[in-house]
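In what follows, a single structure is set out as structure tokens and then discussed.
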Amino acid sequence: MTEKQIDRIKLKIDKYKKALLLDKKQWGGWYRDGQGIRYLIPALYIQISDFKGAMRYFNWFNKNFPDDSCYPIFLFEWTFVLFKSNKLKEAEHKLHLTFFSNTYLLDKFLEKEFLDFDKQENSNWEFKSIAEDLIYNMNDPEFIDFANWFSEKLETRIFLDKANRFIEIEQLLKDEPVGSKRTKLVNELYSIKLS
């Protein structure tokens, strides 16, 4: 990538950040960001391999959008940046969250057949079509070390136990009517995501 290309990407990052500040000003000190601009910035930092800048952005994001469940590809990018920043424990936690947000995304990155199971997809972010939008793959030179680490983490007992229970609960919830049993399952699902 040439210096000129890098400068254009930096200008785009600044443009998006200004748009977010304008959004906050327009809404009286709160961010609304109905366009989802907040999700576009990490990909730009990744393009120019500015992982320190990306980490600063994620810290800012965490502070300003603490309750945001996050777009699955955004979570994937966050995992990658944490890995590149040598924050491996945090990266592993985000890897789990990425899987919970979209069960197809990790398979898409690893160029594996999608894990299909009978579940209720409560959000359009859980659909297979989101994974099709992932522009990164395990063969990208910058992602090879990440892909190796990533693959190892997916084989750990911790990940497999969480993923299997997550899938089991998702399948149970598909046909479980509203009531105490459903509430208990939803609460367990939530606790798996947090752990």
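Some observations on this one:
- Residue list for the range 27-42, restricted to those being in a loop (DSSP other than H, G, I, E, B) and at negative phi: 27, 30, 31, 32, 34, 35, 40
- Matching residues, the range 113-134, being modelled with pLDDT of 90 or more and surrounded by 12 or more Cβ atoms within 10 Å (Cβ to Cβ): 134
- Any hit, the range 43-64, residues being more than 18 Å from residue 141 (Cβ to Cβ), out of contact with any Ser or Thr (no Cβ under 9 Å at 6 or more places or on another chain) and not in a helix (DSSP H, G or I): no
- The test for being aliphatic (A, V, I, L, M), under 24 Å from residue 147 (Cα atoms) and more than 18 Å from the chain's Cα centre (by Cα) does not hold for residue 55.
- Of the helices (runs of 4 or more DSSP H) that lie entirely inside the range 126-195, those containing 1 or more residues that are aromatic (Phe, Trp, Tyr), within 18 Å of residue 75 (Cβ to Cβ) and touching a helix residue (DSSP H, G or I) at 6+ places or on another chain (Cβ under 8 Å) span 144-154, 157-175.
- Extreme residue, farthest from the chain's Cα centre (by Cα), among residues of the range 16-32 that are surrounded by 12 or more Cβ atoms within 10 Å (Cβ to Cβ) and within 18 Å of residue 45 (Cβ to Cβ): 19
- Scan of the range 134-155 for residues that are under 19 Å from residue 101 (Cα atoms) and β-branched (Val, Ile, Thr), ordered by number: 135
- For residue 24, the stated conditions hold: it is over 28 Å from residue 83 (Cα atoms), part of a helix (DSSP H, G or I), of a type in the set (Lys, Arg) and out of contact with any strand residue (DSSP E or B) (no Cβ under 6 Å at 6 or more places or on another chain).
- Qualifying residue in the range 151-165 (condition: without any contact (Cβ under 8 Å) to a residue 40 or more places away in the chain and either surrounded by 15 or more Cβ atoms within 10 Å (Cβ to Cβ) or closer than 30 Å to residue 44 by Cβ (or both)): yes
Residue-by-condition table, conditions (1) surrounded by fewer than 22 Cβ atoms within 10 Å (Cβ to Cβ); (2) at pLDDT 95 or above; (3) outside the structural domain of residue 17 (by TED's automatic domain parsing); (4) hydrophobic (A, V, I, L, M, F, W, C):
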{"position": "49", "(1), (2), (3), (4)": "yes, yes, no, no"}
{"position": "53", "(1), (2), (3), (4)": "yes, yes, no, no"}
{"position": "75", "(1), (2), (3), (4)": "no, yes, yes, yes"}
{"position": "85", "(1), (2), (3), (4)": "yes, yes, yes, no"}
{"position": "100", "(1), (2), (3), (4)": "yes, no, yes, yes"}
{"position": "103", "(1), (2), (3), (4)": "no, no, yes, no"}
{"position": "107", "(1), (2), (3), (4)": "yes, no, yes, no"}
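- Of the helices (runs of 4 or more DSSP H) lying entirely inside the range 72-118, those carrying at least 1 residues that are in contact (Cβ under 8 Å) with a residue 24 or more places away in the chain and more than 14 Å from residue 42 (Cβ to Cβ) are 88-101, 105-109.
The values are calculated or read from the model by the stated rules, or taken from the named source; none is laboratory data. Bear in mind that the values here come from a model prediction, so they are computed numbers and not experimental data. Positions of Cβ are generated from backbone atoms using ideal geometry, with glycine treated the same way; all protein chains shown enter the neighbour counts.
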